[in-house]
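The values are calculated or read from the model by the stated rules, or taken from the named source; none is laboratory data. The shown structure was predicted, so the numbers you read here are calculated from the model rather than taken from an experiment. Protein only, heavy atoms only, side chains kept; ligands, DNA and RNA dropped before computing areas. Shrake-Rupley method; radii C 1.70, N 1.55, O 1.52, S 1.80 Å.
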Amino acid sequence: MNATRQVAYRKEEVREALIANHTNMVDWLGCMHLMANLRIDAAVQFGPGSFLAKQVEQVIPNIVTDSSSI
């Protein structure tokens, strides 16, 4: 969750996180460090372009990324 740098496990947490992500500051770099600490090995960017996927690769060098347009 971008606003809290925590992992959401239940659908209620995801719903609350979506609201919080739109109404609070985002700690993007903190989230990337959390992903690295959790040994996340893959990430998908949904939407146009591949900017965020490339940024993730710079912060977490061993991660596999994909950019998918929906």
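The share of accessible area on the chain that comes from carbon and sulfur is 56 percent, using a 1.4 angstrom probe. Protein heavy-atom accessible surface, 1.4 Å probe, per residue over the chain: 78 Å². Among the listed options [x] 15.2, 48; [y] 11.8, 37; [z] 12.4, 32, the one matching Rg and Dmax of the Cα atoms in Å as calculated from these coordinates is [z].
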